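Take a look at the structure below.
The values are calculated or read from the model by the stated rules, or taken from the named source; none is laboratory data. Just so you know, these numbers come straight off a predicted model, no measurement behind them. Don't worry about glycine lacking a Cβ; one is built from the backbone with ideal geometry, like all the others, and counts go over all protein chains shown. Calculation scope for accessible area: heavy atoms of the full protein, side chains included, ligands and nucleic acids excluded. Shrake-Rupley method; radii C 1.70, N 1.55, O 1.52, S 1.80 Å.
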Amino acid sequence: MTFKMNPGAEKAIADMAVKAMSARFQPILDGIHAEYAGQPVDIIKPVLTQRWAAGNAGASITDPDLTNVAQAISEGKRVVMVDGRLTTD
């Protein structure tokens, strides 16, 4: 028996993974924004680190993303995941 993957299957699998990641982490980002928008970066960073890890069995968010996201939230900007990347609204 041979196994033959459909053309485009790898891209479809990657797209599903990105969609699942966004679905998991966007509520975390939105929750932190709702609670901490306008607060200092040094207050936001440990909360972001802890909630990000809790959202996916210890997943980590590291610099520069950690600082960039905390800075955006501190400035009152909403951070969103677009195609697996973090960006501001």
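Structure above, values below:
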quantity: Residues located in segment 40-62, provided they are surrounded by fewer than 11 Cβ atoms within 10 Å (Cβ to Cβ) and at pLDDT below 95; calculated: A57, G58, S60, T62
quantity: Residue in segment 1-13 that is in a helix (DSSP H, G or I) and surrounded by 15 or more Cβ atoms within 10 Å (Cβ to Cβ) present; calculated: no
quantity: Long-range neighbours under 8 Å by Cβ, at least six apart or interchain, first residue more than 20 Å from Q71 (Cβ to Cβ) and polar (S, T, N, Q) within segment 49-60, second open to solvent by less than 70 Å² (accessible area, probe 1.4 Å) and assigned to a helix (DSSP H, G or I); calculated: N56/F25
quantity: Some residue of segment 19-38 being open to solvent by 80 Å² or more (accessible area, probe 1.4 Å) and part of a loop (DSSP other than H, G, I, E, B); calculated: no
quantity: Filtered residue count, segment 66-85, keeping only those that are open to solvent by 50 Å² or more (accessible area, probe 1.4 Å) and closer than 11 Å to F25 by Cβ; calculated: 0
